[in-house]
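Worksheet: one structure, shown below.
The values are calculated or read from the model by the stated rules, or taken from the named source; none is laboratory data. Please read all numbers here as calculations on a predicted model, not as lab measurements. Because the Cβ atoms are built from the backbone with ideal geometry, glycine has one as well, and the counts that use them run over all protein chains shown.
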Amino acid sequence: MPIPSFQRFHLPPASNSSLLVTGGAGYIGTHTLLELIRAGYQPVVLDDFSNGSHLALKRVESLAGHTLQVVEGSITDTGLLDAMFSSAAEHGSPIQAVVHFAGLKSVGESVAKPLDYYQTNVAGTLTLLQAMERAHVHTIVFSSSATVYGIPLAQPYTESHPIAPVNPYGSTKAIVEQILRDWCAAHPAHRATCLRYFNPIGAHPSGMLGEAPEGIPNNLFPFITQVAVGKRPHLNVFGNDYPTVDGTGVRDYIHVVDLAIGHVKALEHSRRATTGFVAINLGTGRGTSVLELLHAFQTVSGQAIPYEFQPRRPGDIAECWADPSTAEALLGWKATRTLEDMCADGWRWQSQNPNGYEP
Ligand code: WQD
């Protein structure tokens, strides 16, 4: 008879700045763990390792000089969540807040498997929130997305842009945001900060952490770095007939370390906030086309990136970039790293780790 997952571990004592970080072994999660530790937090990581890496967490520990508390499991496991919250409390350092990354995140896959996305991203978050309520944990920072906006009525996107997602992935993020709005309205102590990511790219400057997509990358930047390191013959540019500066798609690329720091700022804001729910764009406020990013990467890396124009990718929009003024006003946060920094750090990671976290 297998031992139930929540009896398989015993959390050692943690300090009184304990956080639960779900999905902490992923691309954005690992970069954020590093910044949280540096800010003095004691993260407890819950990850099912479906898209995360044990090696990445070891590297976080090495970079931070800190031993992480890691539990392998799912946010849908009620017993495991209850045991994690109660164990931390029994050790005199109850979990103070949750940073919630765990979820499925491919737009294309969500169209093919919507029920998986609703189960994990929506039902999983509900399970997490119910466990938080039982443990009297009132604060959450949620990994949301600019995909909640859907087709832009105007650019740049402000937080007041209508919420009209056009794919199941974006719908799951919008539904969770609504759940969090209602959760905050139900109790004056509840705090929810929804961070609407634009396009996170790049890697930690050490070259030890970075993006390691499974299989063929869906996203532009990891595809470019894999061409540069010789794993892919060329880049397919999806569409060169958009009404943009050069006909290719325009996005707001943000350095993953800037994004990670935004989460630390969001936690600090939660502690002083007087209102429960807030949604905040995390972007640079600058749009960059596919060809502009490709040329910047070539210049920085010295690697030629062969490419071929292909038809537009279904579901893509022409251009998308953030108005980041709310983050600056509320969080005192602003992206500082340049496109060249993103390219240089991303290339250092990929060239030092041609197979990502695989041997
Ligand atoms: C960017 C541009 C493509 C690949 C993604 C995620 C979404 C969200 C934001 C978290 C587009 C073009 C791409 C390629 C290309 N993340 N492209 N060739 O679609 O903006 O959204 O980041 O919330 O979940 O899907 O990013 O990198 O896929 O595409 O020409 O091989 O690059 O057409 O113009 P996207 P992307």
**Prompt:** Is there a residue being surrounded by fewer than 19 Cβ atoms within 10 Å (Cβ to Cβ), part of a strand (DSSP E or B) and in contact with a helix residue (DSSP H, G or I) (Cβ under 7 Å, 6 or more places away or on another chain) anywhere in the range 278-301?
**Reply:** no
**Fill in**
Exactly one of Pro217, Pro243, Pro233, Pro205 is within 10 Å of the ligand (Cβ to nearest atom), outside any strand (DSSP E or B) and either without any contact (Cβ under 8 Å) to a residue 12 or more places away in the chain or more than 19 Å from Val107 (Cα to Cα) (or both), and that residue is Pro217
**Message:** Among the residues of the range 214-232, are any crowded, with 20+ Cβ neighbours inside 10 Å, closer than 30 Å to Leu126 by Cα and within 18 Å of the chain's Cα centre (by Cα)?
**Reply:** no
**Prompt:** Name the pairs: first residue in the range 170-197 and over 16 Å from Glu133 (Cβ atoms), second residue charged (D, E, K, R) and not in a helix (DSSP H, G or I), Cβ to Cβ under 9 Å, at least 6 apart or on different chains?
**Reply:** Lys173/Arg196; Glu177/Arg196; Arg196/Glu159
**Residue among Arg196, Arg251 that is buried (at least 23 other Cβ atoms within 10 Å of the Cβ), modelled with pLDDT of 95 or more and more than 21 Å from Asn51 (Cβ to Cβ)** = Arg251
**Inter-residue pairs, beta-carbon under 9 Å, first at positive phi and in the range 335-359, second of a type in the set (D, E, K, R) and surrounded by 20 or more Cβ atoms within 10 Å (Cβ to Cβ), 6+ apart** = Gly356/Glu211
**Positions within the range 230-283 being acidic (Asp, Glu) and more than 20 Å from Ala189 (Cα to Cα), in sequence order** = Asp241, Asp246, Asp252, Asp258
**Message:** Take the residues in the range 98-119 that are crowded, with 22+ Cβ neighbours inside 10 Å and within 23 Å of His54 (Cα to Cα); name whichever of them is farthest from the chain's Cα centre (by Cα).
**Reply:** Val98
**Fill in**
Result of the Cβ filter at 6 Å on the range 137-161, keeping first residues that are within 17 Å of Lys265 (Cα to Cα) and partners that are of a type in the set (S, T, N, Q) and at pLDDT below 95, at least 6 apart or interchain, is Thr139/Ser270
**Item:** Selection count where residues are at pLDDT below 95 and closer than 14 Å to Val21 by Cα, scope the range 95-117
**Value:** 0
**Request:** Please work out which residue is farthest from the ligand (Cβ to nearest atom), limiting yourself to the range 323-336 and to residues that are outside any loop (DSSP other than H, G, I, E, B) and more than 30 Å from Phe238 (Cβ to Cβ).
**Result:** Ala329
**Prompt:** In the range 310-322, how many residues are touching a residue at least 40 places away in the same chain (Cβ under 8 Å), more than 9 Å from the ligand (Cβ to nearest atom) and surrounded by fewer than 19 Cβ atoms within 10 Å (Cβ to Cβ)?
**Reply:** 1
**Message:** Please go through the range 132-163 and give me each residue that is of a type in the set (Gly, Ala, Ser), more than 27 Å from Asp77 (Cβ to Cβ) and more than 16 Å from the ligand (Cβ to nearest atom), ordered by number.
**Reply:** Ala154, Ser160
**Request:** Could you please let me know if Asp258 is acidic (Asp, Glu), buried (at least 19 other Cβ atoms within 10 Å of the Cβ), more than 14 Å from the ligand (Cβ to nearest atom) and not in a strand (DSSP E or B)?
**Result:** yes
**Asked** For the range 108-165, how many residues meet the condition of being within 30 Å of Phe85 (Cβ to Cβ), of a type in the set (Gly, Ala, Ser) and not in a loop (DSSP other than H, G, I, E, B)?
**Response** 7
